[in-house]
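The values are calculated or read from the model by the stated rules, or taken from the named source; none is laboratory data. No experiment lies behind these values; they were computed from the predicted model shown. No Cβ is skipped: glycine too gets one built from the backbone with ideal geometry, and neighbour counts run over all protein chains shown.
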Amino acid sequence: MAKQRFLNKVAIITGSSRGIGRAIALALGKEGAKIVLNGRDVQRLKSVQNELNELNIEAVYFEGDISEQKNAKALIDFAVKSFDHIDILVNNVGISSRGNIADLHPSVTEQVFKSNVFGTMHPTHYALPFLRKTKGQIIFISSLAGIHGLPGLAPYSASKMALSSFVQSLRIEENKYKIHVGILQVAMTEIAHNKEVVAADGSMQILAKRQKGKVLSMEKVAQDCLKLLAKRSYRKTQTIVGKLNLVLNSLSPVIVEKILKANLHKFEDQSK
C-alpha cells in the first residue's frame with residue numbers, strides 16, 4: 001500500500017498542466033492530497049484533472065496567468081472555496097530563455113521575471129494568511145542555474161537567484177507562524193512535449209528533446225519535492241554536480257566561473 005503522508009492535505013501546484021508540475025500533482029495525490037491545478041491551457045488542465053480523478057484523487061483546476069496579481073488572488077480564493085483551507089503551495093510555474101545578454105531583446109528579461117518571480121511571489125503573498133492558520137508549507141521549484149549565473153541563461157539564472165533571497169527572507173519572517181518554506185534546486189530534467197522557451201528576439205521557441213540517461217525524470221523531481229515536504233527541510237540540491245557547484249560557489253565563485261568558461265561550448269550547443 002502506498003504511503004499516505006499527505007492524507008487530506010490541500011495542495012496548490014502552480015504550472016501543473018504538464019511537466020514537473022503535473023508529476024508533483026500526481027505524486028502528492030497518490031499520497032492522499034487534494035489537488036488544485038493551475039495553468040493557462042484549459043485543455044491540458046482538464047486532461048491532468050481527469051488523470052487524477054481516474055486514480056480517485058480529488059482535483060480541481062484554475063485557469064489563469066498567476067503572474068497577474070488578480071489571477072494569483074483568484075487562485076488562492078478558488079482553492080479555499082473548493083476545499084475550505086490550504087496546507088501546501090508548490091510554486092512551480094516558470095519559463096526559461098536562450099541567448100547571450102548582448103543579443104537579448106529587453107522584453108526577454110521582462111517575460112522571464114514576470115513568470116518566474118512575480119508568478120511565484122504573488123501566489124505566496126495571497127496564500128500566507130491561510131497557510132498561517134494551518135502551519136502550512138511552501139516549496140519553491142528553483143534550479144541549479146540559481147547557484148551561479150550560467151552563460152546563455154542570464155535572465156533565467158537571475159530570476160532563480162531572486163527566488164533564493166525571497167525564500168531566505170520568507171523563512172525568517174514566517175518562522176513564528178510555523179510555516180515551512182523550502183526550495184528545490186532542480187538539475188537538468190527531461191522536457192515536456194513541445195515545451196517552449198523565450199528566444200533572444202522575444203518570440204517563443206520549442207525546446208529539442210534532451211537525451212534520456214543524461215537528465216533526471218520528472219518523477220524524480222516530484223519525489224524530491226515530496227521529501228522536502230515530508231521532512232520540512234530547507235533546501236535540496238539535485239545531483240552530485242549540483243551539490244559540488246553549491247559548495248564551490250560558497251567557497252569561491254571564481255572557481256565555478258573558470259569551470260563554466262572551460263565548458264562554454266556545452267552551453268552553446270544546448271542553445272541551438
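Can you find a residue in the range 69-87 that is buried (at least 18 other Cβ atoms within 10 Å of the Cβ) and in a loop (DSSP other than H, G, I, E, B)? Looking for residues that are buried (at least 18 other Cβ atoms within 10 Å of the Cβ) and in a loop (DSSP other than H, G, I, E, B), one finds at least one in the range 69-87, hence yes. Every condition in (1) at pLDDT 95 or above; (2) surrounded by fewer than 24 Cβ atoms within 10 Å (Cβ to Cβ); (3) within 25 Å of GLU196 (Cβ to Cβ) is met by ILE66 except one, and the failing one is (2). Counted as qualifying within the range 175-228 are the strands (runs of 3 or more DSSP E) with 3 or more residues that are among the aliphatic types (A, V, I, L, M) and crowded, with 19+ Cβ neighbours inside 10 Å, namely 180-186. The residues on offer are GLY152, GLY182, and the sole one that is touching a helix residue (DSSP H, G or I) at 6+ places or on another chain (Cβ under 9 Å) and at positive phi is GLY152.
Apart from one condition, ILE24 fits all of (1) surrounded by fewer than 24 Cβ atoms within 10 Å (Cβ to Cβ); (2) within 20 Å of SER142 (Cβ to Cβ); the exception is (1).
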